[in-house]
Amino acid sequence: MASGGGVEEVSNKQVILKDYVSGFPKESDMYLNTSGTIKLKVPEGSNAILVKNLYLSCDPYMRPRMRQPIPGNESYVEPFKPGSPIAGYGVAKVLDSGHPNFKKGDLVWGLTGWEEYSLITTTERLFKIHHTDVPLSYYTGLLGMPGMTAYAGFYEICSPKKGEHVFISAASGAVGQLVGQFAKLLGCYVVGSAGSKEKVDLLKNKFGFNEAFNYKEEPDLRAALKRYFPEGIDIYFENVGGKMLDAVLLNMRAHGRFAVCGMISQYNLEHPEGVHNLMTVIGKQVRMEGFMVFEYYHLYPKFLELVLPHIKEGKITYVEDVAEGLESAPAALIGLFTGRNVGKQVVVVARE
């Protein structure tokens with residue numbers, strides 16, 4: 001720890017992307033840089049904020065950001081820069097601020113770097129944390145971007161009604177577990193798919209889904225869905241794409257709705273799989289809509305109003321998979337694509 005001209009300078013461990021990734025990502029595509037330093041002060045005249053990162057969020061959308069941009073086929077999020085720290089959602093504490101909306105000691109959630117300390121220059125999508133009577137890590141999941149994703153996708157895109165039949169893929173993940181609980185609170189019949197017995201048990205016993213199944217044990221996904229939805233599906237919350245999407249298309253009811261949130265089965269493929277049963281959307285008059293969570297951030301106060309009382313009353317529960325230390329972040333991120341995580345994947349950089 002050095003101090004130059006009265007400004008404290010500290011070492012700043014960072015997770016760096018080595019190079020663009022094609023195919024399945026590996027831990028060795030990232031490395032821990034321990035030689036960097038950072039001044040614990042915002043540059044004079046800047047309206048940036050300097051934060052100490054506490055919790056980092058591992059999310060599937062980060063995989064497309066590791067890909068080399070192809071002109072005309074750009075991802076909806078800017079790619080990471082090889083040689084620079086990875087960035088993502090996190091929870092942090094403000095150490096110094098040149099911005100009128102943030103002051104030293106504030107807790108925030110939003111986009112930050114995969115490092116111990118970050119200088120954040122774009123503060124538009126940073127949210128101040130006012131409710132600290134829930135675990136702070138919840139702001140990487142339940143009360144952060146994944147929570148807002150579940151809320152916007154289910155309520156805004158799907159216009160759900162009591163008694164409707166809801167299917168959620170990747171249902172025990174950061175978003176799926178919450179969509180299922182929202183649907184149950186509304187009085188829907190809810191089924192989820194996941195990739196292990198442990199996750200299926202979690203869906204039924206902890207999150208209160210009516211039914212759940214392990215897609216890896218179903219040789220015929222269409223038949224599996226027919227078994228759980230003999231009368232068809234009203235709402236499909238899409239997280240996986242591929243074969244599951246094709247099977248769902250054959251099991252939709254008239255005027256069904258799809259919230260297309262993600263397609264994790266396709267993120268590591270050089271050539272995405274095609275969809276074969278798309279014609280069913282015509283006869284069944286099905287509406288499929290993709291969405292970006294940041295288009296709905298203006299609803300965040302409304303979301304908190306709905307969800308905080310439910311958490312305090314124990315009506316909404318949340319499961320996290322916690323990895324300790326910045327050095328564990330690369331393995332935690334890659335674990336998302338093999339289904340290693342159980343619940344929302346969080347990395348603890350520092351607890352305070």
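The values are calculated or read from the model by the stated rules, or taken from the named source; none is laboratory data. Note that this is a predicted model, so its numbers are computed, not measured. In this analysis, Cβ positions are derived from the backbone assuming ideal geometry, glycine residues included, and neighbour counts consider all displayed protein chains. The protein model used for the area step is the full one, side chains on, heavy atoms only, and it has no ligands, DNA or RNA in it. Shrake-Rupley method; radii C 1.70, N 1.55, O 1.52, S 1.80 Å.
Key figures
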item	result
Test for ALA254: is it surrounded by fewer than 14 Cβ atoms within 10 Å (Cβ to Cβ), over 30 Å from LEU17 (Cα atoms) and touching a Lys or Arg at 6+ places or on another chain (Cβ under 9 Å)	yes
Lone unmet requirement of (1) touching a residue at least 60 places away in the same chain (Cβ under 8 Å); (2) in contact with a helix residue (DSSP H, G or I) (Cβ under 9 Å, 6 or more places away or on another chain) for SER159	(2)
Residue match in the range 201-208 (condition: in contact with an Asp or Glu (Cβ under 9 Å, 6 or more places away or on another chain), of a type in the set (Gly, Ala, Ser) and either modelled with pLDDT of 95 or more or open to solvent by less than 70 Å² (accessible area, probe 1.4 Å) (or both))	no
Helices (runs of 4 or more DSSP H) fully within the range 272-352 counting 1 or more residues that are in contact (Cβ under 8 Å) with a residue 60 or more places away in the chain and open to solvent by less than 30 Å² (accessible area, probe 1.4 Å)	300-312, 329-335
Looking only at the range 51-103, and only at residues there that are touching an Asp or Glu at 6+ places or on another chain (Cβ under 8 Å) and open to solvent by less than 10 Å² (accessible area, probe 1.4 Å), the one that is modelled with the lowest pLDDT	MET66
Residue that is out of contact with any helix residue (DSSP H, G or I) (no Cβ under 8 Å at 6 or more places or on another chain) and without any contact (Cβ under 8 Å) to a residue 40 or more places away in the chain, where the choices are GLY180, GLY187	GLY187
Those strands (runs of 3 or more DSSP E) lying entirely in the range 156-265 with at least 2 residues within 24 Å of GLY290 (Cα to Cα)	165-168, 189-194, 233-238, 252-260
Residue check, GLU211 charged (D, E, K, R), touching a helix residue (DSSP H, G or I) at 6+ places or on another chain (Cβ under 8 Å), more than 30 Å from HIS271 (Cβ to Cβ) and open to solvent by 40 Å² or more (accessible area, probe 1.4 Å)	yes
Selection within the range 215-245 - among the hydroxyl-bearing types (Ser, Thr, Tyr) and either without any contact (Cβ under 8 Å) to a residue 60 or more places away in the chain or open to solvent by 10 Å² or more (accessible area, probe 1.4 Å) (or both)	TYR215, TYR228
Subset of the range 105-138 (residues that are touching a helix residue (DSSP H, G or I) at 6+ places or on another chain (Cβ under 9 Å), open to solvent by less than 10 Å² (accessible area, probe 1.4 Å) and under 20 Å from MET62 (Cα atoms))	TRP109, GLY110, TRP114
Failed criterion for SER193 (all others in (1) crowded, with 24+ Cβ neighbours inside 10 Å; (2) among the polar types (S, T, N, Q); (3) over 30 Å from PRO219 (Cβ atoms); (4) over 13 Å from the mean Cα position of the chain (by Cα) hold)	(3)
